[in-house]
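The values are calculated or read from the model by the stated rules, or taken from the named source; none is laboratory data. Computed from a prediction, not measured in an experiment: that's the story for all the values here. Quick reminder, even Gly has a Cβ in these numbers, built from the backbone with ideal geometry, and neighbours come from all protein chains shown. Ligands, DNA and RNA are excluded from the accessible area calculation, which covers all protein heavy atoms including side chains. Shrake-Rupley method; radii C 1.70, N 1.55, O 1.52, S 1.80 Å.
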Amino acid sequence: MASHSALQIRDLGFRYKPDGNGPWTVRVRALELGAGEQALLAGPSGQGKSTLLYLIAGLLDPQQGRVLVHGEEIHALRGANRDRFRGRRIGMVFQTFHLLPGFSALQNVMAALMFSNVPGAEHRERAERLLRELGIDAPEVPVEELSVGQQQRVAVARALACDPALVLADEPTASLDPAARDAAMALLQGACRAHGAALLVVSHDTALAARFERELTLSTTSGQPDGAAPP
Ligand code: ADP
């Protein structure tokens, strides 16, 4: 079977006011991430980086263009089908992690596995293994009792639980102090590499560029035909 690109975007256009004629919030002519490829999209706040991630994840619908994740047009899927597809193929790491409070690290990762094809009987062992791999040795502790750095590890474990084709990370190091940032990025990048997932990181922190072979930029100015720099 031909291997799919992790991500393909063509002629994507999105604005929050669908009937407006103002500038696009996100305009991306063409963007492709190969299987396992890692790229940074860096730029100032308000450029539409988070919005682009929501579009790729199918949490927002574009007014024009196509987004293929692992060869599947995500916006053609509706309702529960799209949610299931997202759960299986896309991992997400947010700035504030969005872990389920009151639940342990183990339960947080097992919750993500509910979307997978992995048989239920294997969920616990798989989640434990992933958390061990990411350096969490107290998987039963409620996540709010973990340090910020540990919560980030849990968020990475959760994102990779279903063996996604693509991990989307929105300012994944912004909650961490500078000393922890490099280690956190190394952890995220290393874990994605180990699991064969492509990684798209968006951040205002241009210093992260040194960690990536590929850097993308986004232009969202009204009338500009182009978006992200082509591969
Ligand atoms: P970035 O991630 O680069 O900081 P965002 O994607 O968060 O940029 O925001 C891009 C633009 O869209 C900003 O001007 C922001 O104010 C606007 N925006 C973001 N979310 C919404 C929303 N839910 N409704 C309307 N406008 C929004």
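Considering only LEU176, ALA191, ALA39, and ranking their Cα positions along the charge dipole of the chain that arises from unit charges at the beta-carbon of Lys, Arg, Asp and Glu, the one farthest toward the positive end is ALA39. Note that the chain presents 46 Å² accessible area per residue, ligands and nucleic acids not counted, probe 1.4 Å.
Close amide H contacts of HIS98 (hydrogens built in the peptide plane, cut-off under 5 Å, sequence separation of 5 or more or a different chain): none are found.
Taking 0.36 nm per intervening residue step and subtracting the Cα-Cα distance, what contour gain separates ARG66 from ARG129 on full extension?
Details: separation 63, 0.36 × 63 = 22.68 nm, distance 3.61 nm.
Full extension of this stretch gives 19.1 nm more.
Here the dipole of the stretch 90-197 is about 240 debye; that uses its Cα centre as origin and unit charges on the Cβ of Lys and Arg (positive) and Asp and Glu (negative). Can you give the FRET efficiency for HIS75 and ALA207, using 1/(1 + (r/R0)^6), R0 = 30 Å, r = Cβ-Cβ distance, to the nearest 0.05? Step by step, r from the Cβ atoms, then E = 0.35. A simple rule links phi to the HN-Hα coupling: the Karplus curve 6.51 cos²θ - 1.76 cosθ + 1.60 with θ = phi - 60°, which for the stretch 174-185 gives 5, 8, 9, 6, x, 5, 7, 5, 5, 5, 5, 5 Hz, with x for Gly and Pro.
Rounded to the nearest whole angstrom, the semi-axes of the ellipsoid equivalent to the stretch 89-201, taken from the Cα gyration tensor as √(5λ), stand at 20, 17, 11, largest first.
The Cα atoms of the stretch 1-131 give a gyration tensor whose axes a ≥ b ≥ c have a/c of 1.5 or more with a/b greater than b/c, which makes the shape prolate.
With respect to the chain, whose longest principal axis is taken over its alpha-carbon atoms, helix 79-89 is tilted by about 70°.
For the chain, which whole percent of the accessible surface, found with a 1.4 angstrom probe, sits on carbon and sulfur atoms? Roughly 50 percent, rounded to a whole number.
What percent antiparallel are the DSSP beta bridges of the chain, to the nearest 5? It would help to have the intermediate numbers written out before the result.
On the way: 15 of 32 bridges.
Within the chain, antiparallel bridges account for around 45 percent of the total.
Pairwise Cα separations in the chain fall into 5 Å bins from 0 onward with the following percentages, short to long: 1, 7, 15, 19, 19, 16, 12, 7, 3, 1, 0.
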